[in-house]
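J.: Below: one structure in structure tokens.
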Amino acid sequence: MSHKAYPLDWPIGWKRTQVRRDAQFRVGGGKIGASGRRVEIDDGVNRVYQVLQLMGVKEDTVTISSNVRPSLGSRPGSIQVKDPGVAVYWTDNQKQTRCMAIDQYVRVPDNLAAIAATLEAMRAIERHGGAEILDRAFTGFTALPAPEQPFQVLGVGAHASRQEVERAYRLLALKHHPDRGGDEAQMARINAARDQLLEGRT
């Protein structure tokens, strides 16, 4: 199963953070409060790749997914996005797809650095004889279904125009809006799909 670098391919079943906070991961140790400048997108990406390489993961099996448009190859470029979440997918030595996703912080680079720090902690577990624990931590990610795409939520084509997206949204809103007896979660899903599809469209 392939995962997209852009837009964010958030894993199904992973809860989203409702209130994000600021973090200050630094270059030179990567820990909050360390001296040096704040991590930027390249720093975060490089940290993720370095930790995965130490875990024996080949770089060509890694996809870093976010709402940041890639600038060089599959690496994110500019970091001006509303949703700073990041999901990293890779294939392990047993040819199983694994995933780590974080959207806890307000900046994409900090979420990347948090993923790298989490993976490093998990690598430490593995080094100290906890390989089975590590494997259990990732159980379930080998059989993730294809993520639902926003155009599927609205029932439009993948390259639908702005007008088609807005028309489909209005029809679904009439049916599912809580003020008309609909479900709030379903309406939130429809709103998110519309917002994602309209982002960057004229």
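The values are calculated or read from the model by the stated rules, or taken from the named source; none is laboratory data. The shown structure was predicted, so the numbers you read here are calculated from the model rather than taken from an experiment. We place every Cβ from the backbone using ideal geometry, glycine too, and count neighbours over all the protein chains shown.
J.: For segment 119-202, which helices (runs of 4 or more DSSP H) that fit wholly inside it have 3 or more residues that are at pLDDT 85 or above?
T.: Hits in segment 119-202: 150-154, 162-176, 184-198.
J.: Answer yes or no as to whether ALA116 is at pLDDT 90 or above and assigned by TED's automatic domain parsing to the domain that holds MET55.
T.: Yes: the conditions hold for ALA116.
J.: Scan segment 69-87 and tell me whether some residue there is of a type in the set (Asp, Glu), modelled with pLDDT under 90 and surrounded by fewer than 20 Cβ atoms within 10 Å (Cβ to Cβ).
T.: No, segment 69-87 has no match at all.
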